[in-house]
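K.L.:
Below you will find the structure I want to go over with you.
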Amino acid sequence: MHPNQSFRNTSDEHSWTLIVEKNFGSLVQSSENYPRISHVPFLLSHCRSFAELHLVRSNPMACVEVDEHISTTLIVNGPDGYISPDWYGLQDQVPTWNYVAVHLTGTLVRLDQAELEPILARLSEQFERELEPKPIWTMDKMSDDAKKKMMRQIVPFRFNIEKLHSTWKLGQNKPNKARLSAASALEYSAPALAKLMKDVPQ
């Protein structure tokens, strides 16, 4: 997380909203030789205490025993973009990058294989509902052979959430006029970031 406290004052509610809107992030774990990283869709529980997901069986992160808890960070990114110093209307400025990032720390737990199908059904339903009025796809549309083959290749997991940290770097360390000027310059190239910079979430 960015050390400047100016970028750490956004309430956790905004971060939870981003997590639900994205439902996609990067899992990061330590290992002896290099960090393990996996990019995954997930489904946050209503109580915000865990997220459901699955991994390909051949993924090194999946090579753990059932019920084994592995320290893990889940990173969810929001809008980001380059900021030119020319946009501030101030002297002696430097280029920077504005962004939103949320880190969830906790443990990744491998579940029993019997948990896989219900998790897949909940995940697909969540994302399919975002495509309405398209009819919702379900696994019933797959042949039994194709479904069994897919189920053998993936493993169910639960990510237990312990802490949330976030950085909302949106130019809060600049005068309001300078921040708004930079936001206006981003309206066409990065509209989502521009919107946040104009009305910084508190």
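K.L.:
Run down Glu115, Glu125, Glu68, Glu132 and say which single residue is in contact with a Pro (Cβ under 9 Å, 6 or more places away or on another chain) and either more than 30 Å from Gln202 (Cα to Cα) or of a type in the set (A, V, I, L, M) (or both). Full working, then the answer.
P.N.:
Details: Glu125 fails: in contact with a Pro (Cβ under 9 Å, 6 or more places away or on another chain); Glu68 fails: in contact with a Pro (Cβ under 9 Å, 6 or more places away or on another chain); Glu132 fails: in contact with a Pro (Cβ under 9 Å, 6 or more places away or on another chain).
Glu115 is the lone residue from the list that is in contact with a Pro (Cβ under 9 Å, 6 or more places away or on another chain) and either more than 30 Å from Gln202 (Cα to Cα) or of a type in the set (A, V, I, L, M) (or both).
K.L.:
Going residue by residue through the stretch 195-202, is there one that turns out to be more than 21 Å from Gly89 (Cβ to Cβ), out of contact with any helix residue (DSSP H, G or I) (no Cβ under 7 Å at 6 or more places or on another chain) and either not in a helix (DSSP H, G or I) or not aliphatic (A, V, I, L, M) (or both)?
P.N.:
Within the stretch 195-202, one or more residues are more than 21 Å from Gly89 (Cβ to Cβ), out of contact with any helix residue (DSSP H, G or I) (no Cβ under 7 Å at 6 or more places or on another chain) and either not in a helix (DSSP H, G or I) or not aliphatic (A, V, I, L, M) (or both).
K.L.:
Please give the number of the condition Glu21 fails out of (1) more than 16 Å from the chain's Cα centre (by Cα); (2) under 26 Å from Pro201 (Cα atoms); (3) assigned to a helix (DSSP H, G or I).
P.N.:
(1)
K.L.:
Sticking with this structure for a sec: Got a sec? Which of Asn77, Asn33 is under 11 Å from the mean Cα position of the chain (by Cα), surrounded by fewer than 16 Cβ atoms within 10 Å (Cβ to Cβ) and over 21 Å from Glu125 (Cβ atoms)?
P.N.:
Values: Asn33 fails: under 11 Å from the mean Cα position of the chain (by Cα).
Checking each option against the conditions leaves just Asn77.
K.L.:
What residue, among those in the stretch 161-179 that are surrounded by fewer than 18 Cβ atoms within 10 Å (Cβ to Cβ) and not polar (S, T, N, Q), is nearest to Gly89 (Cα to Cα)?
P.N.:
Ala178
K.L.:
Could you check Asn98 against (1) more than 30 Å from Leu180 (Cα to Cα); (2) modelled with pLDDT of 95 or more; (3) not small (Gly, Ala, Ser) and say which number it fails?
P.N.:
Answer for Asn98: the failing condition is (1).
K.L.:
Checking the condition farther than 18 Å from Leu120 by Cβ and at pLDDT 95 or above, which residue from Val40, Val20, Val56, Val64 passes?
P.N.:
From the options Val40, Val20, Val56, Val64, the qualifying one is Val20.
K.L.:
List the number of the failed condition for His39; all other conditions in (1) in a loop (DSSP other than H, G, I, E, B); (2) surrounded by fewer than 13 Cβ atoms within 10 Å (Cβ to Cβ) hold.
P.N.:
The failed condition is (1).
K.L.:
Turning to a different aspect of this structure: Evaluate the following for Val64: is it farther than 30 Å from Lys174 by Cβ, in contact (Cβ under 8 Å) with a residue 12 or more places away in the chain, part of a loop (DSSP other than H, G, I, E, B) and more than 17 Å from the chain's Cα centre (by Cα)? Can you show your working first?
P.N.:
On the way: farther than 30 Å from Lys174 by Cβ: yes; in contact (Cβ under 8 Å) with a residue 12 or more places away in the chain: yes; part of a loop (DSSP other than H, G, I, E, B): yes; more than 17 Å from the chain's Cα centre (by Cα): yes.
It is true that Val64 is farther than 30 Å from Lys174 by Cβ, in contact (Cβ under 8 Å) with a residue 12 or more places away in the chain, part of a loop (DSSP other than H, G, I, E, B) and more than 17 Å from the chain's Cα centre (by Cα).
K.L.:
Tell me, please, whether a residue that is assigned to a loop (DSSP other than H, G, I, E, B) and either within 17 Å of Pro79 (Cβ to Cβ) or modelled with pLDDT of 95 or more (or both) can be found in the stretch 146-161.
P.N.:
no
K.L.:
Scanning the stretch 95-107 for residues that are part of a strand (DSSP E or B) and over 15 Å from the mean Cα position of the chain (by Cα), which turns out surrounded by the fewest Cβ atoms within 10 Å (Cβ to Cβ)?
P.N.:
Trp97
The values are calculated or read from the model by the stated rules, or taken from the named source; none is laboratory data. The structure displayed is predicted, hence computed values, not measured ones. FYI the Cβ positions are ideal-geometry reconstructions off the backbone, even for glycines, and counts take in every protein chain you see.
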